[in-house]
Amino acid sequence: MRRPHPGRGYELRIGAVLDGPRMDTVWSAGKDRFDAESIERCALTRASDRWRLYVSFVRRDDRRWRIGLVEARAVDAFDPADMVVVLDPDDLGVAAVKDPWLRRNGDGWLMFVSYGTLPDTPAPELHATGDALSTGRTLSATGVAASTDGKRWTWEGSVLAPSASGWDSFTTRLGTVVRDGAGWLGLYDGGASIADNYEERCGLARSSDLRHWERVSVDGPAIGTARGPGGVRYVDITDAGDAFYEYTRPDGAHELRLTHTG
């Protein structure tokens, strides 16, 4: 859940769709329980008899986006006090790392993330606002990390970077991946400048191996409007074919929507 600045991402909720389109909250925690300045997109997975929650958050002390992990035996039993950082921007040599999306890859895992590139020259003010990605001093690209156990991760670097020019020359944030014949179809959020922050649009990309991606949406967004109401971003498609996405309303607010693709 998010409010305008200074509230920002103030609460994390896990919802369950049990019957029809209604989503029931089964667990929630405010950002203070994570000692966070803000929380944004997180990822929930199941590994054997445990649930894993990967949390995208800004730590209060250094005001940098990073990703933490909390485990629990039940989806309503997460304790934020148990969170450990699994991807830290300083360790990766990037300005920020956030918005995890996970996929099984053989016996291991891949974690796709949004990360901020470091400026060419030192920028002491980069983290002054607690959101390096909204300063205009860094580009937002997609990177990937690999793991055999979901706890210890190896950073592999960029897999989808902003284009040299065009509608996605500032942001390319891969949000979900589905099988497409012998390869993969990815849905990503793109933007041309800092003015598109919070109003990115949905594009398509293809890959044969999940690590090398080629844009399909070269001339503009593929899903939703190109500007104004009707924008689509943060798409996530489940194995059952349910597509969740954020939709821009006429009043400028964003709502979570669900559609069935199967």
- request: Restricting attention to the stretch 100-128, report how many residues are surrounded by 14 or more Cβ atoms within 10 Å (Cβ to Cβ) and among the β-branched types (Val, Ile, Thr).
  value: 2
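Name the single residue, out of those in the stretch 238-248 being in a strand (DSSP E or B) and hydrophobic (A, V, I, L, M, F, W, C), that is surrounded by the most Cβ atoms within 10 Å (Cβ to Cβ). I'd like the intermediate steps shown before the answer.
First, the residues of the stretch 238-248 that are in a strand (DSSP E or B): 242-248.
Okay, now just the ones that are also hydrophobic (A, V, I, L, M, F, W, C), so 243-244.
Details: Ala243: 19, Phe244: 17.
Result: Ala243.
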task: Only strands (runs of 3 or more DSSP E) wholly contained in the stretch 133-237 count here; list those with 1 or more residues that are small (Gly, Ala, Ser).
output: 140-147, 154-160, 171-180, 183-191, 201-207
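Take the conditions exposed (fewer than 12 other Cβ atoms within 10 Å of the Cβ), without any contact (Cβ under 8 Å) to a residue 12 or more places away in the chain, closer than 25 Å to Ala192 by Cα and not β-branched (Val, Ile, Thr) and apply them to Asp251. Does it pass? Break it down into steps so the answer makes sense when it comes.
Values: exposed (fewer than 12 other Cβ atoms within 10 Å of the Cβ): yes; without any contact (Cβ under 8 Å) to a residue 12 or more places away in the chain: yes; closer than 25 Å to Ala192 by Cα: yes; not β-branched (Val, Ile, Thr): yes.
Here the answer is yes, as Asp251 does meet what is asked.
Limited to the stretch 152-182, what total is found for residues that are out of contact with any Leu (no Cβ under 9 Å at 6 or more places or on another chain) and not aromatic (Phe, Trp, Tyr)? Give the steps one after another, and end with the answer.
First, the residues of the stretch 152-182 that are out of contact with any Leu (no Cβ under 9 Å at 6 or more places or on another chain): 152, 154, 158, 163-168, 180-182.
Add one more test, that the residue is not aromatic (Phe, Trp, Tyr), and what stays is 152, 154, 158, 163-166, 168, 180-182.
The number of residues fulfilling the criteria is 11.
For the stretch 40-67: of the residues being small (Gly, Ala, Ser) and closer than 17 Å to Tyr115 by Cα, which is surrounded by the most Cβ atoms within 10 Å (Cβ to Cβ)?
Ser56
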field: Which numbered condition Leu210 misses (of (1) modelled with pLDDT under 95; (2) among the hydrophobic types (A, V, I, L, M, F, W, C); (3) at positive phi)
entry: (1)
message: Given the condition β-branched (Val, Ile, Thr), at pLDDT below 95 and surrounded by fewer than 15 Cβ atoms within 10 Å (Cβ to Cβ), answer yes or no: does some residue in the stretch 1-17 qualify?
response: yes
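Anything in the stretch 68-99 that is among the small types (Gly, Ala, Ser) and surrounded by fewer than 18 Cβ atoms within 10 Å (Cβ to Cβ)? List them, or say none. Write out each step before concluding.
First pass over the stretch 68-99, keeping only residues among the small types (Gly, Ala, Ser): 68, 72, 74, 77, 81, 93, 95-96.
Scanning the stretch 68-99 gives Ala72, Ala74, Ala77, Ala81, Gly93.
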- request: List every residue pair whose Cβ atoms sit under 8 Å apart, with the two residues 6 or more apart in sequence or on different chains, where the first one lies in the stretch 154-176 and is in contact (Cβ under 8 Å) with a residue 60 or more places away in the chain and the second, anywhere, is part of a loop (DSSP other than H, G, I, E, B) and surrounded by 21 or more Cβ atoms within 10 Å (Cβ to Cβ).
  value: Arg173/Glu200
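Does Arg103 count as touching a helix residue (DSSP H, G or I) at 6+ places or on another chain (Cβ under 7 Å), in a strand (DSSP E or B), over 20 Å from Tyr198 (Cβ atoms) and modelled with pLDDT of 95 or more? Break it down stepwise before answering.
Numbers: touching a helix residue (DSSP H, G or I) at 6+ places or on another chain (Cβ under 7 Å): no; in a strand (DSSP E or B): yes; over 20 Å from Tyr198 (Cβ atoms): yes; modelled with pLDDT of 95 or more: yes.
Spelling it out, it is not the case that Arg103 is touching a helix residue (DSSP H, G or I) at 6+ places or on another chain (Cβ under 7 Å), in a strand (DSSP E or B), over 20 Å from Tyr198 (Cβ atoms) and modelled with pLDDT of 95 or more.
Would a scan of the stretch 152-174 turn up a residue that is in contact with a helix residue (DSSP H, G or I) (Cβ under 6 Å, 6 or more places away or on another chain), of a type outside the set (A, V, I, L, M), surrounded by fewer than 19 Cβ atoms within 10 Å (Cβ to Cβ) and at pLDDT 95 or above? If you could, list the steps in order and put the result at the bottom.
Kept after step one, since they are in contact with a helix residue (DSSP H, G or I) (Cβ under 6 Å, 6 or more places away or on another chain), are these residues of the stretch 152-174: 155.
In the following step, the residues that additionally are of a type outside the set (A, V, I, L, M) were identified as 155.
From what is left, the residues that are surrounded by fewer than 19 Cβ atoms within 10 Å (Cβ to Cβ) are 155.
Keeping just the survivors that are at pLDDT 95 or above gives 155.
Checking the stretch 152-174: at least one residue is in contact with a helix residue (DSSP H, G or I) (Cβ under 6 Å, 6 or more places away or on another chain), of a type outside the set (A, V, I, L, M), surrounded by fewer than 19 Cβ atoms within 10 Å (Cβ to Cβ) and at pLDDT 95 or above.
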field: Failed item in (1) β-branched (Val, Ile, Thr); (2) under 12 Å from Leu174 (Cβ atoms); (3) free of Cβ contacts under 8 Å to residues at least 60 places away in the same chain, with Val97 passing the rest
entry: (2)
- request: Could you please find all residues in the stretch 75-91 being within 19 Å of Thr142 (Cα to Cα) and of a type in the set (D, E, K, R)?
  value: Asp88, Asp90, Asp91
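The values are calculated or read from the model by the stated rules, or taken from the named source; none is laboratory data. All values derive from a computational prediction rather than experimental measurement. When we count neighbours, we look across all protein chains shown, and the Cβ atoms used for this are built from the backbone with ideal geometry, even at glycine.
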